Amino acid sequence: MIEFTDVVKSYSVGNTALNGVTMQIEDGEFVFLVGPSGSGKSTILKLITGELRPTSGSVHVNGYSLDRIRKREIPYLRRTLGVVFQDFRLIPNMSVHDNVAFAMRVVGAKEKDIKDRVEYVLDLVGLENKSRRLPGEMSGGEQQRLAIARALVNNPSTIIADEPTGNLDPARSFEIMTLLQEINNLGTTVMVVTHEKDLVERFSNRVIAIDEGVVVSDGMDGYYRYEDQ
């Protein structure tokens, strides 16, 4: 579960990125986080992953209290999260298989477990026949699928996707969102940060809209109400 209670985040330069954000995302939910550039979306993600701490208020993520988490606990928090980035962040000289396997090797997984799990997630994202390819030999949509497989391989309880379709055409964007929906249907909590209104409208999911550091709407029609502000 992700829970923000009266969260304020101010930076040393004097600006306040979040001003009293309260929201709760339950296990197994699929939620869009939307808002204009500079609204506070990136700050929310950095608080969730432990990159930042709140100035005041409380943040709880998957059993960890982020306002008082110890530095040595942060890697364990991050193992409960799978993060997907707009720019993929793949290792160009590693094969599809090795890009995914690397995430497991980092946490000390056994080679047999790595083989079985990598095969499973590549099949899940539709890349089972491309395990020997390099990222540069794949389309943008395939590279994003690979990034999703890497985020999934350590079986996180939550997937955070930061503008996962920002570099893709509309058809591939819909394909990636459908894949994330399928992953959510398997029980994984999914939060997608996006500014793509047309894409959000094609899925019947909860939408949390944020503007100027404040939650301005939260619900199944949140994007529409946000647009009306």
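Averaging the sequence gap over all C-alpha pairs within less than 8 Å and six or more residues apart, then dividing by the number of residues, gives region 52-137 a relative contact order of 27 percent. Compute the acute angle (0 to 90°) between the alpha-carbon long axis of helix 96-106 and the principal axis of greatest extent of the alpha-carbon atoms of the chain; round to the nearest 10°. It works out to around 60 degrees. The GluC sites (Glu not before Pro) found in region 1-72 that occupy coil by DSSP, while having at most 14 further C-beta atoms within 10 Å, are 26, 51. Across the cross-link table entries 71/110; 9/46; 9/197, which are compared at the Cα atoms, the separations over 18 Å belong to 71/110; 9/197.
Mean sequence separation of contacting Cα pairs (under 8 Å, at least six apart), scaled by the length of the chain, corresponds to a relative contact order of 27 percent. Carbon-plus-sulfur accessible fraction, the chain (probe radius 1.4 Å, protein heavy atoms only): 46%.
With a probe of 1.4 Å, find how much accessible area region 155-201 has per residue, and write the answer as a whole number in Å². Could the numbers behind the result be given before it?
On the way: 1820 Å² over 47 residues.
Per residue, region 155-201 has an accessible area of 39 Å².
Find the centroid of the Cα atoms in region 200-220 and in region 80-151, then give the distance between the two in whole Å. Region 200-220 and region 80-151 have Cα centres spaced 30 Å from each other. Taking all protein chains into account, the per residue accessible area for region 22-140 stands at 54 Å² (1.4 Å probe). A simple packing score, the average count of other Cβ atoms within 10 Å per residue, orders the peptides 73-84, 4-15 as 73-84, 4-15, with the highest score first.
The candidate values are [x] 47, 41, 32; [y] 53, 39, 24; [z] 88, 35, 32; the one derived from this structure for Cα extents along the principal axes in Å carries the label [x].
The values are calculated or read from the model by the stated rules, or taken from the named source; none is laboratory data. Only a predicted model underlies this, so the values are computations on that prediction, with no experimental measurement involved. Heads up, the Cβs are rebuilt from the backbone with ideal geometry, glycines too, and the neighbour counts pull from every protein chain shown. With ligands, DNA and RNA removed, areas are computed over all heavy atoms of the protein, side chains included. Shrake-Rupley method; radii C 1.70, N 1.55, O 1.52, S 1.80 Å.
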